[in-house]
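The values are calculated or read from the model by the stated rules, or taken from the named source; none is laboratory data. Worth saying up front: this structure is predicted, and the values here are computed from it rather than measured. Here Cβ is always computed from backbone atoms with ideal geometry, including for glycine, and neighbour counts include all displayed protein chains.
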Amino acid sequence: MTGQPLSLPIPGVAPGTARRERRRALTGLAMLLPAIVVSLLFLYYPLVFIVQMSFTLANTFLSPAGPTATLENYGAMLSRYLPNLGVTIQLAGLATLVDLLFGIPFAYILVRKVRYRDIVRAFMVFPMFGALYIAFGMRFILLPGGPATPLFELFNIPNTAVLYSLPSVVFAMSIFTFPFMVMNVGTALSNVDPTLEEAAACLGARPWQTFVRILLPLTRAGIVAGALMVFGWSLGTFAEPLLLGSVNEQKTLAWTLYLKGVVQTDYGLATTMGVVLLAFAFVVTYFSLRYSRGALIE
Amino acid sequence: MSTVRLVGITKHYGATVAVQDFNLQVADGELVTLLGPSGCGKTTTLRTVAGLVEPSAGRIWFDDQDVTDLPPRKRNIGFVFQTPALFPHLSVANNIAFGLSVKGAKKDAIGARVDEMLTMVGLAGYGSRLPAQLSGGQQQRVSLARVLATDPRVLLFDEPLSALDRNLRDTLKYSILDLQRRTRKTAIYVTHDQSEAFAISDRIVVMNAGRAEQIGTQTDIYLHPQTPFVAEFIGANNGLTGTVTGTDGAGDEARMVVAADGLTLRARPRPDVRAGDQVLVYLRPENLVVLPDGDGAEYDNVVDGTIDRVIFEGPTAQLRVDVAGRELRADISGSQRLTLIQRQGKVRLGFNDLTMIPAGAALTSAGSESASAAIANAAPGGTEP
Amino acid sequence: MAPAFERERRSVRITRRCLGGLASHADIWFCLFVCVVPFLALRVYSFTGPGGTSAIENFQYVVGSVGENLFWSIRIAFLSLAIDLAIALPAAYAIVRYPFPGKRFLYSALALPLYVPGAVIGISLVLTFNFTYHLTTSVWGLVLAMTVGTFPLMLTPLIVALKDLPPVFEEAAECLGASRWQTFWRIVFPLIGPGVSAGLMLSFIIVFNEYLVTLFVHPPEVTTAPLRIFNLVRTAGLLPTTAALAVTMQLISFAAVLLFFRVFGTRYLKGTYLI
């Protein structure tokens, strides 16, 4: 088809065409309307609501005298709750690191060498059922007298040193998010033509050279997207720190938020924590979407 | 039964023009083929007739009804796609019944019609199978049955055989022609395959770059191409550029003399060509004859050359001859081709029919222009702007 | 002696390759084991009976005492799945088949709940339910919270399935005289069935096991099974009966996944969470 530039308007163009196209666009938007309305009412409005509320003192937002505007919540966030944010990020970061370490080789082997992929996929859904069951199960394993006790005795470590500790929280969190990491990296890997690896091998590259110089650059988008996704998800969970962590790990922002908001009804402070978590999640989402999801819509 | 009229159909996507001012009138019961290379706009044109694509400009008429603004479902057309496009989750019978059942036909009426259609396409007893259990050719026959079941006004074919292998294509194209003749449906058939077009068409529209280059019967298109594109697209052709130097002879024997690439050729005169005009001259390889030395009195043109190569292709032999520094191709059939295989050196070629086209005759060929004018004038009731 | 040398080298190479293969499979099974080990531990624990209870009694407890919680979980899952599907079907169809500006932005905006931490969804919903919508005592608040949270999980497989469906089937149906409504329900919907099922399955296992947002927005009289587990583990410590409930929940979820795999295979989960 030769693209001849046309000077518009073309004589005799049906004026209906543009109108019909507009009508189609409107029909499309109308079909999206229920989804948009539900999202606006039960996602976007509530998020705006808590942003507003985070600038009011405690629960004065609803007092008859009207809300007391304040920046104190953010001040408190900085002065008193920075360690909570620190722990949250530390746990999420470590869990992401563990997932990267185990997830990349796992995904590679799964995509390239394993024939019983469906069986693996079926069992991989277990972590997705929820961090709650993982934390519960791990707690039982690590408890004094639990199945892991002989192991602890072998290395002469006290059970409780492991049970309520940072490593066990990180371990449980990384089990929960492991499938997400494998999914992202695996999808990226299966889009890489295996003949590229063969070509590299024929050109004399060692396996690790092939991995570092061919596979890693080609799958970087998937790896980054997976890592961001895992990090984002790990920011919000609280079953693992609560059931497996010491007092320090239990300080995660999500749990503190619950205590402040629902138990102590300090809405101002709780929503502030929510806004801080949300800000982190948005940044992560932005980059994650830029790296991976866009391809679905075109 | 229906006639189809396309008036000034234009379709552009952004700045890209897919179809440009396309005009065509298809008579009742006629089978017209749109023939052209891929990307020439033939499929887009067909899809505007179906209503699957809205034209940017122009109108489409079925008989006296302007259907331009009707959606496909209200046009009562039968569209056969490149792939059979049978609904994979429905049985063959339910596929054929689909068009009737969405229009709310009675169950037993549908059943009878489905059986009739299955028999018609030679697949009686296959009703309960799923499409995946049929071969490609059978699937395409079911898709034919499916569109015929609704008794459409117009049949539209979008390269229905291109996904099939060669043998199947040959048999199925005659089945399509046969069904179209028996049902006396008006049909528009899109293809890029010349032999398919020549085999089944009443008329052929050769399309290029979104325009109709030439509309005519098989012999018109083959023997009297009106534009360089048609001459080069249909069959192989030796093309030469030259200048008309004068006229030779008189009456029926009159020939125009053309100096082309160092050769002097004689062609039948054309009213739109005068002495001094630049022209394109085409000689079909199959019209060239190898002459015994010293012979050639009965031919308008006789040229001498040197054989470059002889390529034996089975039914024909291709001769590449260097004539005055230019390679001409001659396709030799019959017993002569066998004696030529070993031949080398000088050869004498003779030919009568050669096509002369004015060098300026590009897209605005006289043929399609007058056709479009005739169609525009024939608008019923004077409702056309 | 050269042939013997060759043979030896080859055997060394073969052993190394075998070892590499073994290590690969060992890695896969080790990681899988770690993924499943919390479940296995709970299964073991659910069959132990301190305090004179036997294994069967633990599971009788699931049907009896916490049966109500299980029932709530199932009811809420079904309600939110129904709403999810009803709004995701037209949305996915519009996104794939209709031209309109800002499509990418809209999809990202609709997919956002996946990336908002559960605690944030929870606190924002509980506050708006309390002060704007007055839904705190209604089970619909919880249902809508679940709907919003799992909407992207329903939408994505539908979009993938629709994109895999060539438009020629819809065009054929339209040319045969079917209206858009008929075309959708008689052609498109059956053909994207696997995508619909994938969305339903994914959303089901998430909603069915959700405890975090539920903790914030559940009405006082409604306690879902996962929330019950969370509360029991936090307050009553570890009990074999709680483990039995957790095992039951996971087995029901796993059955849903296996059923889906059995009927449709894993192909339709592309672009979603399960590879």
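Give me a count of the residues in region C:112-142 that are part of a helix (DSSP H, G or I) and closer than 18 Å to A:Ala254 by Cα. Please lay out each step first, then the result.
Looking only at region C:112-142, we keep the residues that are part of a helix (DSSP H, G or I), and these are C:112-115, C:118-133, C:139-142.
In the following step, the residues that additionally are closer than 18 Å to A:Ala254 by Cα were identified as C:113-115, C:118-127.
The total comes to 13.
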Note: among B:Gly78, B:Gly58, B:Gly29, just one is facing another protein chain (nearest Cβ under 9 Å) and out of contact with any Asp or Glu (no Cβ under 8 Å at 6 or more places or on another chain), namely B:Gly78
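So that you can scan it fast, the table gives a plain yes or no per residue for (1) in contact with a helix residue (DSSP H, G or I) (Cβ under 7 Å, 6 or more places away or on another chain); (2) modelled with pLDDT under 85; (3) in the same structural domain as B:Gly350 (by TED's automatic domain parsing); (4) over 18 Å from B:Gln344 (Cβ atoms):
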{"site": "B:Val273", "(1), (2), (3), (4)": "no, yes, yes, yes"}
{"site": "B:Leu280", "(1), (2), (3), (4)": "yes, no, yes, yes"}
{"site": "B:Arg284", "(1), (2), (3), (4)": "no, no, yes, yes"}
{"site": "B:Val303", "(1), (2), (3), (4)": "no, no, yes, no"}
{"site": "B:Glu313", "(1), (2), (3), (4)": "no, yes, yes, yes"}
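Name every residue in region A:206-250 that is of a type in the set (A, V, I, L, M, F, W, C) and within 12 Å of chain C (Cβ to nearest Cβ), in order of residue number.
Initial filter on region A:206-250 (of a type in the set (A, V, I, L, M, F, W, C)): A:208, A:211-212, A:214-216, A:218, A:221, A:223-225, A:227-231, A:233, A:235, A:238-239, A:242-244, A:247.
Listed by number, the residues that qualify are A:Ala225, A:Leu228, A:Met229, A:Val230, A:Phe231, A:Trp233, A:Leu235, A:Phe238, A:Ala239, A:Leu242, A:Leu243, A:Leu244.
Give the residue, chosen from B:Leu52, B:Leu34, B:Leu100, that is closer than 18 Å to B:Val147 by Cα, in contact (Cβ under 8 Å) with a residue 40 or more places away in the chain and either part of a strand (DSSP E or B) or within 14 Å of chain C (Cβ to nearest Cβ) (or both). Steps first, please.
On the way: B:Leu52 fails: in contact (Cβ under 8 Å) with a residue 40 or more places away in the chain; B:Leu34 fails: closer than 18 Å to B:Val147 by Cα.
The unique qualifying residue is B:Leu100.
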Residue set B:Asp322, B:Asp272, B:Asp277, B:Asp308; condition surrounded by 17 or more Cβ atoms within 10 Å (Cβ to Cβ) and in contact (Cβ under 8 Å) with a residue 12 or more places away in the chain; output residue B:Asp277
Within region C:175-202, restricting to residues that are within 12 Å of chain B (Cβ to nearest Cβ) and among the polar types (S, T, N, Q), the one that is farthest from the chain's Cα centre (by Cα) is C:Ser179
All-but-one check, C:Ile123 against (1) at the interface with chain A (Cβ under 7 Å from one of its Cβ atoms); (2) under 30 Å from C:Glu170 (Cα atoms); (3) in contact with a helix residue (DSSP H, G or I) (Cβ under 6 Å, 6 or more places away or on another chain), failing number (2)
The condition from (1) more than 10 Å from every other protein chain (Cβ to nearest Cβ); (2) charged (D, E, K, R); (3) within 29 Å of C:Phe230 (Cβ to Cβ) that A:Arg139 misses is numbered (1)
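Within the group C:Pro113, C:Pro152, which residue is within 8 Å of chain A (Cβ to nearest Cβ), of a type outside the set (Ser, Thr, Tyr) and farther than 30 Å from B:Leu52 by Cβ?
Working: C:Pro152 fails: within 8 Å of chain A (Cβ to nearest Cβ).
Going through C:Pro113, C:Pro152 in turn, just one is within 8 Å of chain A (Cβ to nearest Cβ), of a type outside the set (Ser, Thr, Tyr) and farther than 30 Å from B:Leu52 by Cβ: C:Pro113.
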All-but-one check, B:Gly58 against (1) touching a helix residue (DSSP H, G or I) at 6+ places or on another chain (Cβ under 6 Å); (2) not in a loop (DSSP other than H, G, I, E, B), failing number (1)
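Can you tell me how many residues in region A:253-262 are within 16 Å of the chain's Cα centre (by Cα) and either more than 7 Å from chain C (Cβ to nearest Cβ) or assigned to a loop (DSSP other than H, G, I, E, B) (or both)? Break it down into steps so the answer makes sense when it comes.
Our first condition is that a residue be within 16 Å of the chain's Cα centre (by Cα); within region A:253-262, this holds for A:253-254.
With either more than 7 Å from chain C (Cβ to nearest Cβ) or assigned to a loop (DSSP other than H, G, I, E, B) (or both) added as a condition, the list becomes A:253.
Within region A:253-262, residues that are within 16 Å of the chain's Cα centre (by Cα) and either more than 7 Å from chain C (Cβ to nearest Cβ) or assigned to a loop (DSSP other than H, G, I, E, B) (or both) number 1.
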In region A:114-136, anything more than 7 Å from chain C (Cβ to nearest Cβ), buried (at least 24 other Cβ atoms within 10 Å of the Cβ) and out of contact with any helix residue (DSSP H, G or I) (no Cβ under 6 Å at 6 or more places or on another chain) is listed as none
Considering region C:160-174, residues that are in contact with a Leu (Cβ under 9 Å, 6 or more places away or on another chain) and surrounded by 23 or more Cβ atoms within 10 Å (Cβ to Cβ), and then whichever is farthest from the other protein chains (Cβ to nearest Cβ), we arrive at C:Ala161
| Residues in region B:201-217: is at least one in contact with a helix residue (DSSP H, G or I) (Cβ under 8 Å, 6 or more places away or on another chain), assigned to a loop (DSSP other than H, G, I, E, B) and within 25 Å of B:Arg141 (Cβ to Cβ)? | yes
Turns out the helices (runs of 4 or more DSSP H) fully within region A:42-125 with at least 2 residues that are free of Cβ contacts under 8 Å to residues at least 60 places away in the same chain and closer than 30 Å to C:Thr147 by Cα are A:45-53, A:117-124
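Would you please name the residue that is modelled with the lowest pLDDT, looking only at residues in region C:18-76 that are among the small types (Gly, Ala, Ser) and in contact with a Gly (Cβ under 8 Å, 6 or more places away or on another chain)?
So in region C:18-76, the residues among the small types (Gly, Ala, Ser) come out as C:20-21, C:23-24, C:26, C:41, C:46, C:49, C:51-52, C:54-55, C:64-65, C:67, C:73.
Then drop every residue that is not in contact with a Gly (Cβ under 8 Å, 6 or more places away or on another chain), which leaves C:41, C:55.
Details: C:Ala41: 86, C:Ala55: 64.
Residue satisfying both the conditions and the ranking: C:Ala55.
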